[in-house]
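Student: Mind having a look at this structure? Questions to follow.
The values are calculated or read from the model by the stated rules, or taken from the named source; none is laboratory data. Computed from a predicted model, the values in this text were never measured in an experiment. Here the Cβ positions follow ideal geometry from the backbone for every residue, glycine too, while neighbour counts run over all protein chains shown. Protein only, heavy atoms only, side chains kept; ligands, DNA and RNA dropped before computing areas. Shrake-Rupley method; radii C 1.70, N 1.55, O 1.52, S 1.80 Å.
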Amino acid sequence: MIVTFLSAVSAKLCNAKEAPLPTEKKHMSIRHKLCEYGTGIPSILTILFGAAYGSVNTFIAMMTSEVGIENAGLFFIVGTIFVFISRPFGGRIFDSKGGFWVILPGGILYLIGLGILVSAQSLTVLLVASVFYGFGGGLLLPSLMTWMLNVVTPDRRSGASATFYNMLDIGTSSGIILLGSVAGSIGYVNMYYYVIGVMVIFIAFFMFNHFVLQKKVKKQNEQEELA
């Protein structure tokens with residue numbers, strides 16, 4: 001709360017020039033008010049990751065109680081440390097090599113963390129899972145947001161930022177509701193196999209976009225330029 005207050009004061013004192021707004025205002029449908037133009041692919045990925053991320057944050061205490069692991073709160077302390085560790089080099093890799101080299105490793109690391117999590121029977125194994133959780137989440141969240149900011153014009157970056165948080169909230173809330181109802185019948189440990197499935201879909205869809213959809217778009221652009 002204190003940091004948020006200081007951020008608000010700092011923003012008020014900022015003297016940065018505002019980007020000029022376009023003179024013509026486009027009519028936006030309800031769909032595009034919720035999701036900024038051009039952010040469809042990263043929005044879908046953010047929803048999927050939000051479902052996986054929210055499930056860990058919400059149900060980890062119930063899951064550890066189910067298997068008899070005490071002091072489970074250390075999971076978030078260790079995970080947060082590795083989130084901070086991942087941010088500096090993750091941002092540099094994104095800027096130098098592109099999002100593929102951050103988002104794919106981040107997804108794989110998070111998936112590994114989930115795999116370790118479902119097999120955890122002790123605090124030590126749980127904390128090993130939290131290392132991968134922190135690394136994966138620390139790479140994915142800022143990368144997905146940066147991707148959205150990069151695919152829009154400068155005057156629409158506030159809309160892209162809002163889209164990111166909209167999609168993250170949709171994924172988190174829907175994931176908690178759906179996965180929580182599943183956990184009620186099969187248990188929290190088994191529920192995390194569904195979360196693993198969500199992350200597999202995340203990685204598969206990301207790879208499909210990168211190697212199939214993007215190549216089609218590039219080919220169409222080249223044909224239009226030749227025409």
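Student: Hey, any hits in segment 111-130 for a residue that's without any contact (Cβ under 8 Å) to a residue 60 or more places away in the chain, of a type outside the set (Val, Ile, Thr) and either in contact with an Asp or Glu (Cβ under 6 Å, 6 or more places away or on another chain) or closer than 17 Å to THR46 by Cβ (or both)?
Tutor: Here is the first cut: in segment 111-130, the residues without any contact (Cβ under 8 Å) to a residue 60 or more places away in the chain are 112-113, 116, 119-125, 127-130.
Filter once more, keeping what is of a type outside the set (Val, Ile, Thr): 113, 119-123, 127, 129-130.
Next, from what is left, pick out any that are either in contact with an Asp or Glu (Cβ under 6 Å, 6 or more places away or on another chain) or closer than 17 Å to THR46 by Cβ (or both): none.
No, the conditions are met nowhere in segment 111-130.
Student: Right, here's the next one. Can you pull out every residue in segment 78-113 that is on the phi < 0 side of the Ramachandran plot and part of a loop (DSSP other than H, G, I, E, B)?
Tutor: Of segment 78-113, the ones on the phi < 0 side of the Ramachandran plot are 78-97, 99-113.
Within segment 78-113, just GLY99 meets the criteria.
Student: Run down THR153, THR80, THR58 and say which single residue is under 20 Å from ILE41 (Cβ atoms) and polar (S, T, N, Q). First the steps, then the outcome.
Tutor: Working: THR80 fails: under 20 Å from ILE41 (Cβ atoms); THR58 fails: under 20 Å from ILE41 (Cβ atoms).
None of the other options fit; the residue is THR153.
Student: Restricting attention to segment 103-129, and to residues there that are of a type in the set (Val, Ile, Thr) and closer than 20 Å to ALA51 by Cβ, which single residue is surrounded by the fewest Cβ atoms within 10 Å (Cβ to Cβ)? Let's see the steps before the verdict.
Tutor: At the first step, the residues of segment 103-129 found to be of a type in the set (Val, Ile, Thr) are 103, 108, 112, 116, 118, 124-125, 128.
Narrowing the set further to residues that are closer than 20 Å to ALA51 by Cβ leaves 103, 108, 112, 116, 118.
Values: ILE103: 25, ILE108: 15, ILE112: 18, ILE116: 18, VAL118: 17.
Checked segment 103-129; the qualifying residue surrounded by the fewest Cβ atoms within 10 Å (Cβ to Cβ) is ILE108.
Student: For VAL118, are the conditions met, namely being closer than 22 Å to LEU139 by Cβ and over 20 Å from the mean Cα position of the chain (by Cα)?
Tutor: Numbers: closer than 22 Å to LEU139 by Cβ: yes; over 20 Å from the mean Cα position of the chain (by Cα): yes.
Taking the combined requirement at face value, the residue satisfies it.
Student: Quick check, is GLY137 open to solvent by less than 30 Å² (accessible area, probe 1.4 Å), within 26 Å of GLU36 (Cα to Cα), within 13 Å of the chain's Cα centre (by Cα) and free of Cβ contacts under 8 Å to residues at least 60 places away in the same chain?
Tutor: Numbers: open to solvent by less than 30 Å² (accessible area, probe 1.4 Å): yes; within 26 Å of GLU36 (Cα to Cα): yes; within 13 Å of the chain's Cα centre (by Cα): yes; free of Cβ contacts under 8 Å to residues at least 60 places away in the same chain: no.
In short, no.
Student: Can I ask one more? In the list VAL212, VAL195, which residue meets the criterion of being within 20 Å of LEU111 (Cα to Cα) and part of a helix (DSSP H, G or I)?
Tutor: Working: VAL212 fails: within 20 Å of LEU111 (Cα to Cα).
Just one listed residue meets the conditions, VAL195.
Student: May I ask you to list the residues in segment 75-98 that are open to solvent by less than 20 Å² (accessible area, probe 1.4 Å) and within 12 Å of SER143 (Cβ to Cβ)? Even if it seems obvious, please write down each step before you answer.
Tutor: Residues of segment 75-98 open to solvent by less than 20 Å² (accessible area, probe 1.4 Å): 75, 79, 86, 90.
Once the filter is applied, which keeps residues that are open to solvent by less than 20 Å² (accessible area, probe 1.4 Å) and within 12 Å of SER143 (Cβ to Cβ), segment 75-98 yields SER86, GLY90.
Student: May I ask you to say which residue of LEU168, LEU179 is over 16 Å from the mean Cα position of the chain (by Cα) and either buried (at least 18 other Cβ atoms within 10 Å of the Cβ) or assigned to a helix (DSSP H, G or I) (or both)? I'd like the intermediate steps shown before the answer.
Tutor: Numbers: LEU168 fails: over 16 Å from the mean Cα position of the chain (by Cα).
Step by step, each of LEU168, LEU179 is checked, and only LEU179 is over 16 Å from the mean Cα position of the chain (by Cα) and either buried (at least 18 other Cβ atoms within 10 Å of the Cβ) or assigned to a helix (DSSP H, G or I) (or both).
Student: Which residue pairs have Cβ atoms under 7 Å apart, sit 6 or more places apart or on different chains, and have a first residue in segment 155-177 that is of a type in the set (D, E, K, R) and a second that is assigned to a helix (DSSP H, G or I)?
Tutor: ARG157/LEU149
Student: Of the residues that make up segment 11-28, is at least one at pLDDT 90 or above and more than 15 Å from LEU126 (Cβ to Cβ)? Reasoning before the result, please.
Tutor: Our first condition is that a residue be at pLDDT 90 or above; within segment 11-28, this holds for none.
No, the conditions are met nowhere in segment 11-28.
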